[in-house]
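The values are calculated or read from the model by the stated rules, or taken from the named source; none is laboratory data. This is a predicted model, so every value here is computed, not measured. Glycine also receives a Cβ, built like all others from the backbone with ideal geometry; neighbour counts cover every protein chain displayed. These area figures cover heavy atoms from the full protein model, side chains too; ligands, DNA and RNA do not enter into them. Shrake-Rupley method; radii C 1.70, N 1.55, O 1.52, S 1.80 Å.
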Amino acid sequence: MSDHADNGTTLLPRAVAAYQAGDYVAAEQHARALLQAGAQRANAATLLGMALEAQRRHVEAVEAFTTAALAEPNQASHWINVGTAARAAGWHDEALAAYTRAAQLGEHSPDFQYNVALLHLDRGDYESAQALLEQASRARPQDGEIRVQLASCLYDRVLVDEAVAALRDWPTLEGLNTRLVARIALLLLNLGESQAADAALQQLRAAPDRDFDAELQLLQMLERTNRVDEARAVLTRLRDAGAAQVLGDDLLRAEAQLAQRSGTPQAAVTALGGIVARCTEPYRLHFDQYPLAKALDACGEYERAFETLVAAHASQMELLARTSHDPALLTRPPMGITRFGCDPADVAAWRDAPEAIAAAPAEADSPVFIVAFPRSGTTLLELTLDAHPQLASMDEQPYLQHAVDSLNAGGQLYPARLAAATPAQLEAAREVYWQAVRRRVQLQPGQRLIDKNPLNMLRLPAIARLWPRSRILLALRHPGDVLLSCYMQHFRAPEFAAMCRDLPRLALGWRRAFDFWFEQQALLRMPVREVRYETLVEQFDTEVHAILDFLGLPWHESLREPAEHARRKGYISTPSYAQVVQPVTNRSVGRWRHYERHIRPVLEDLKPYLARWSYEP
């Protein structure tokens, strides 16, 4: 009996067996013969679609699954298959229509919700995706695939605490494979959970069956933790194994990042430029435009770099409009927090009360705060001091804000009514802070914490009320270099990203931040030392000696090599993670002059500040 006369009794088992054996071409051939024979049309079309999907022939798979759906139009699973294949093909409207049909047929399973959520992510509708993933996770709380995707969605929406909570029990999740463990490790690393990320990374590295996706994420983690030689070895393995055909642009991105770190930025320009040209979703362009601009800058193509940055900010604002849970984010004036300062009479009531001063923690029991406008050299300063045996730092964290939230829990006290805070409320707020700190760093006897979070300069009233004896280092840098560096960064915090979207708005935010600082410091009179970035990199030993004198600490030889200390530390949470493992240099001083045509106009409003610190106008 010929195949054409087969009623499905032999062809169908052959197709299934071939598919299960991973021989997708043979499965396709048997399924097509079955369809041509006119037997078991829905089953044959479904198997054909599965075989085509496995070969990444998504458009043809849509046609095959549609054939099955039309043969059995009341079967929801067929429409789910159509939707999933259409999503893979980039046909978002068609996918949504197919999923809607499945829902109308009564499909509401966690797997279905998960797949629809993936479509919403592809469409840039992060809010809808989050809602569906939360529903799916509630129905199947230990499903690893669902939970990891939920954590990823929360991370994309900059809901950091929620994303961390979603991954807290990751080792107990069901269905974990190397691909999921790789995603978990990278997510935890990006969330600043370096210890948990390291545990996942070790599990990943011990796995013998890493696929290309897992290997790529291992590469990304190695580069992000400054293990560049190991990352290059993984890249070589991937190239030799033919991963380029499977990973496509994702592998090119990794190659571009390593090329940039190897001092060959032109290769990065070529790779990233091609990716940008191929991108068809404007709100995703900035993920590659920011690194492209840095590569162009490294090549000396400053005008092209600036044009790329303008386009990157426009793309990021489009994504923010889709993902932000704050509708007014893009229209609100920058640095709104600076409108709320201390009341001078209130300050006098708590600063001059003897009992309040006596009850305050001693300097040795208070953090050392490093504050600044971002991109002012705080990471170099932090890592230098972290090498001192009597100091210990942690990744940049919002713990001071958590203490403020604790103060406000019993009524709005901060910042204008701090005199009303009782000793018990103050102690409770400090304990909220220290409990969070202890999850990050274990201070040894005699060690003081370095809390480096630049925009804590806007929480000076909280520092003064909770730790009036703390020492504060205010990092300074030429405003031109600060504005340029901020404009070149892909910041994820929505408020800061919105402020950085153009230079005039960014300069306004910078001015408001320092106006607030000077106004509050005049009232609060905290012990502050200004640390100029230019002086730190050009007169390193002298400046570090002066900082230690301010902190009441002796010199220690370990402070001479902050780059070596940074390498040993591993994960560094700030964008300058690749720079701080290099020897201290002044090559970034005056970098803004390459873009003077664009930056000079916004510096006009900052002349009083330039004069204050004797910076060249």
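Do any helices (runs of 4 or more DSSP H) entirely within the stretch 294-382 hold 3 or more residues that are open to solvent by less than 60 Å² (accessible area, probe 1.4 Å), and if so, which? Spell out the reasoning first.
On the way: elements: 302-323, 344-351, 354-359.
Ranges flagged: 302-323, 344-351.
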> So how many residues does the stretch 411-431 have that are open to solvent by 70 Å² or more (accessible area, probe 1.4 Å) and either outside any helix (DSSP H, G or I) or closer than 14 Å to residue 348 by Cα (or both)?
Replying inline: 2
>> Looking only at the stretch 271-312, how many residues end up being under 21 Å from the mean Cα position of the chain (by Cα), of a type in the set (Lys, Arg) and farther than 27 Å from residue 90 by Cβ?
In response: 1
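State the number of residues belonging to the stretch 174-192 that are more than 15 Å from the chain's Cα centre (by Cα) and either open to solvent by less than 10 Å² (accessible area, probe 1.4 Å) or closer than 16 Å to residue 121 by Cα (or both). Walk me through how you get there before you give the answer.
Taking the stretch 174-192 as the starting set, the residues that turn out to be more than 15 Å from the chain's Cα centre (by Cα) are 174-182.
With either open to solvent by less than 10 Å² (accessible area, probe 1.4 Å) or closer than 16 Å to residue 121 by Cα (or both) added as a condition, the list becomes 180-182.
Matching residues across the stretch 174-192 total 3.
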> List pairs: first in the stretch 265-290 and part of a loop (DSSP other than H, G, I, E, B), second open to solvent by less than 20 Å² (accessible area, probe 1.4 Å), Cβ under 6 Å, 6+ apart or cross-chain?
Replying inline: 285/315
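Return yes or no: is residue 94 outside any loop (DSSP other than H, G, I, E, B), open to solvent by 30 Å² or more (accessible area, probe 1.4 Å) and in contact (Cβ under 8 Å) with a residue 24 or more places away in the chain?
Details: outside any loop (DSSP other than H, G, I, E, B): yes; open to solvent by 30 Å² or more (accessible area, probe 1.4 Å): yes; in contact (Cβ under 8 Å) with a residue 24 or more places away in the chain: yes.
For residue 94, the condition - outside any loop (DSSP other than H, G, I, E, B), open to solvent by 30 Å² or more (accessible area, probe 1.4 Å) and in contact (Cβ under 8 Å) with a residue 24 or more places away in the chain - is met.
What's the total number of residues in the stretch 24-63 that are touching a Lys or Arg at 6+ places or on another chain (Cβ under 7 Å), more than 17 Å from residue 88 (Cα to Cα) and aliphatic (A, V, I, L, M)? Break it down into steps so the answer makes sense when it comes.
Taking the stretch 24-63 first, the residues touching a Lys or Arg at 6+ places or on another chain (Cβ under 7 Å) are 30, 35, 48.
Keeping just the survivors that are more than 17 Å from residue 88 (Cα to Cα) gives 30, 35.
Now restrict to residues that are aliphatic (A, V, I, L, M): 35.
Looking only at that region, the number is 1.
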> Mind checking whether some residue in the stretch 371-391 is within 26 Å of the chain's Cα centre (by Cα), at pLDDT below 90 and among the basic types (Lys, Arg)?
Replying inline: no
> Among all residue pairs at least 6 apart or on different chains, which show Cβ distances below 9 Å where the first residue, located in the stretch 545-572, is at pLDDT below 70 and the second is of a type in the set (Phe, Trp, Tyr)?
Replying inline: 566/577; 571/577
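Could we say that residue 209 is open to solvent by 60 Å² or more (accessible area, probe 1.4 Å) and either within 24 Å of the chain's Cα centre (by Cα) or of a type outside the set (Asp, Glu) (or both) here?
On the way: open to solvent by 60 Å² or more (accessible area, probe 1.4 Å): yes; either within 24 Å of the chain's Cα centre (by Cα) or of a type outside the set (Asp, Glu) (or both): no.
For residue 209, the condition - open to solvent by 60 Å² or more (accessible area, probe 1.4 Å) and either within 24 Å of the chain's Cα centre (by Cα) or of a type outside the set (Asp, Glu) (or both) - is not met.
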>> On the basis of being more than 37 Å from the chain's Cα centre (by Cα) and under 25 Å from residue 129 (Cα atoms), does residue 75 make the cut?
In response: yes
> Would it be correct to say that residue 158 is open to solvent by 20 Å² or more (accessible area, probe 1.4 Å), among the β-branched types (Val, Ile, Thr) and under 27 Å from residue 286 (Cα atoms)?
Replying inline: yes
> Which helices (runs of 4 or more DSSP H) sit wholly inside the stretch 103-178 and have at least 2 residues that are touching a residue at least 60 places away in the same chain (Cβ under 8 Å)?
Replying inline: 126-139
> Does the stretch 495-513 contain any residue that is free of Cβ contacts under 8 Å to residues at least 24 places away in the same chain, under 30 Å from residue 352 (Cα atoms) and not β-branched (Val, Ile, Thr)?
Replying inline: no
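Do we have residue 195 as surrounded by fewer than 17 Cβ atoms within 10 Å (Cβ to Cβ), under 29 Å from residue 147 (Cα atoms) and either under 19 Å from the mean Cα position of the chain (by Cα) or modelled with pLDDT under 90 (or both) here?
Values: surrounded by fewer than 17 Cβ atoms within 10 Å (Cβ to Cβ): yes; under 29 Å from residue 147 (Cα atoms): yes; either under 19 Å from the mean Cα position of the chain (by Cα) or modelled with pLDDT under 90 (or both): yes.
Yes.
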>> For the stretch 161-173, give me the residue count where each residue is within 19 Å of residue 221 (Cα to Cα), open to solvent by 10 Å² or more (accessible area, probe 1.4 Å) and among the aliphatic types (A, V, I, L, M).
In response: 1
> Across the stretch 490-519, what is the total count of residues that are open to solvent by 10 Å² or more (accessible area, probe 1.4 Å), at pLDDT below 95 and either touching a Lys or Arg at 6+ places or on another chain (Cβ under 8 Å) or assigned to a helix (DSSP H, G or I) (or both)?
Replying inline: 3
> If you scan the stretch 226-246, which residues turn out to be assigned to a helix (DSSP H, G or I) and among the charged types (D, E, K, R)?
Replying inline: 229, 230, 232, 237, 239, 240
>> Out of 315, 324, I need the residue that is within 28 Å of residue 217 (Cα to Cα), at pLDDT below 90, within 23 Å of the chain's Cα centre (by Cα) and small (Gly, Ala, Ser). Which one?
In response: 324
>> Filter the stretch 441-469 down to the residues that are surrounded by fewer than 20 Cβ atoms within 10 Å (Cβ to Cβ) and of a type in the set (S, T, N, Q) and list them by number.
In response: 442, 444, 447
